[in-house]
1. With angles folded into 0 to 90 degrees, how steeply does helix 277-288 sit against the dominant principal axis of the chain? Use alpha carbons for both and round to 10.
2. Carbon and sulfur atoms: what percent of the 1.4 Å accessible area of segment 271-377 do they account for?
3. Report, by chain and number, residues whose modeled amide H sits under 5 Å from the one on GLN366, excluding near sequence neighbours (fewer than 5 apart, same chain).
4. Using a simple charge model, +1 on the beta-carbon of Lys and Arg, -1 on the beta-carbon of Asp and Glu, nothing else, what dipole does the chain show about its Cα centre, in debye to the nearest 20?
5. Tell me, which longest segment in the chain has none of the chymotrypsin sites (Phe, Trp or Tyr not before Pro) that fall in DSSP loops with at most 14 further Cβ atoms within 10 Å?
6. Want the number for ASP251 to ALA340: 0.36 nm per residue separation, take away the alpha-carbon distance, what's left?
7. Normalising by the residue count of segment 271-416, find the relative contact order in percent from Cα pairs under 8 Å and 6+ residues apart.
8. What does the accessible area per residue of the chain come to in Å², with a 1.4 Å probe and no ligands, DNA or RNA counted?
Amino acid sequence: MPVTPVALAHADDLADFIAASPSSYHAASEVARRLEDAGFTRLDESQPWPAQSGGRFVVVRDGAAIAWVVPTDAAATTPTQVFGAHTDSPGFKLKPQPTTGSKGWLQAAVEIYGGPLLNSWLDRELRLAGRLALADGRVVLADTGALLRLPQLAIHLDRGANSGLELDKQFQTQPVWGLGDPTSADLLAELAASADVDAADIRGYDVVVADSARGAVFGKDDAFFAAGRLDDLASVHAGLVALSSFEAAADGPIAVLAAFDHEELGSASRSGAAGPFLEDVLERVYAHLGADSSQRRQAYASSWCLSSDVGHSVHPNYIAKHDPVVQPVLGSGPILKINANQRYATDAVGAAAWSAWCERAGIASQEFVSNNTVPCGSTIGPITATRLGLRTVDVGIPILSMHSARELAGVADLHDLTRVAEAFFRG
Ligand code: ZN
């Protein structure tokens, strides 16, 4: 069945969002920029916050952003609907003293961030992006555009490449970015120039490598969408689109988008789901609504977290890797993720709530469960559920090539995820 024009427009907007979000810091900033354009007020955690009733707010902490819409009649025990996702993706991060090279090549010294499919990063035009901390205390975003490449060794020099290519994680992952003598070049100057600052003023940096190619729709009936960082910007974008036009109903819940950093590393940071960011925001929101800690917990007890992250579509070339029966596929709807060992937080009550939200949104959904011989991944859902005690459901869209530099999703699923996020925010 052909995808709808509105789903194609959604995929095109996602391509814009991903292009503007090469690092978690860019993604958090782009979330705030788009929401400010939609009438949200950006708050500063180090300042007092205004009255919350009827407000639309966003706050950024490092590479994470939390945004929320409060009904005008919100009270101390009004529940919250939190749509959770993450802003980071596996790849590479710039090391200290990053300008290296030999034999006439300039190279960048990088560490591996999370668990990327290393081979997928070969032979692509890559960019450097992230944040620079300056001598005067400012923190600025930098994005070089296409600058680097990790060139694969020619088949003539490695006849065994097609029977299993293994990259040395140190010596064979250092991209080239120019020609010349590394002792008279400065990679940080490229970043500084892109941010319009002086390289001598850089005192610290958090900079990652990202694919420079724009996301694209293709395939029969425009079924497919490929881009870098679909894990998990597809979810961040779905929640962002749903929240930016969301109008809180009288007697409705507080709608929250929580886009955390560092999920690929286990979420343990001040901007990760295992850190206090969401709790800090909710405590302040409820304090402004006059809630004491007992009333806040009363509100939490009737709140939900919809934790959205990508999951595995069945792969036609590797059917044995999947559950023999439960086999979600691209284009047939978002997935409900289930795991007996609580790698996903979904339980019976959550599954029923998910099916009600999907029904209200008018979308189909699928289930995901792992093959028993393949270890299951995890995500922010169980962490949020454990920290705050919110009832949590793990969902997402099915993709192929997870953790590749360029992943593959279904156009229809991307838009359906936004529709169910809207239904979820209504409670
Ligand atoms: Zn993810």
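The values are calculated or read from the model by the stated rules, or taken from the named source; none is laboratory data. These numbers were taken from a predicted model, which means no experiment stands behind them. Here the Cβ positions follow ideal geometry from the backbone for every residue, glycine too, while neighbour counts run over all protein chains shown. The accessibility values were calculated without ligands, DNA or RNA, using every heavy atom of the protein model including side chains. Shrake-Rupley method; radii C 1.70, N 1.55, O 1.52, S 1.80 Å.
1. Approximately 30 degrees, to the nearest 10.
2. 52
3. Those lying under 5 Å, H to H, from GLN366 are ILE335, LEU336.
4. 520
5. Longest gap between qualifying sites, sites excluded: 1-170.
6. Extending this stretch completely gives an extra 28.5 nm.
7. Averaging sequence separation for qualifying contacts and normalising by length gives 35 percent for segment 271-416.
8. Averaged over the residues of the chain, the accessible area is 42 Å².
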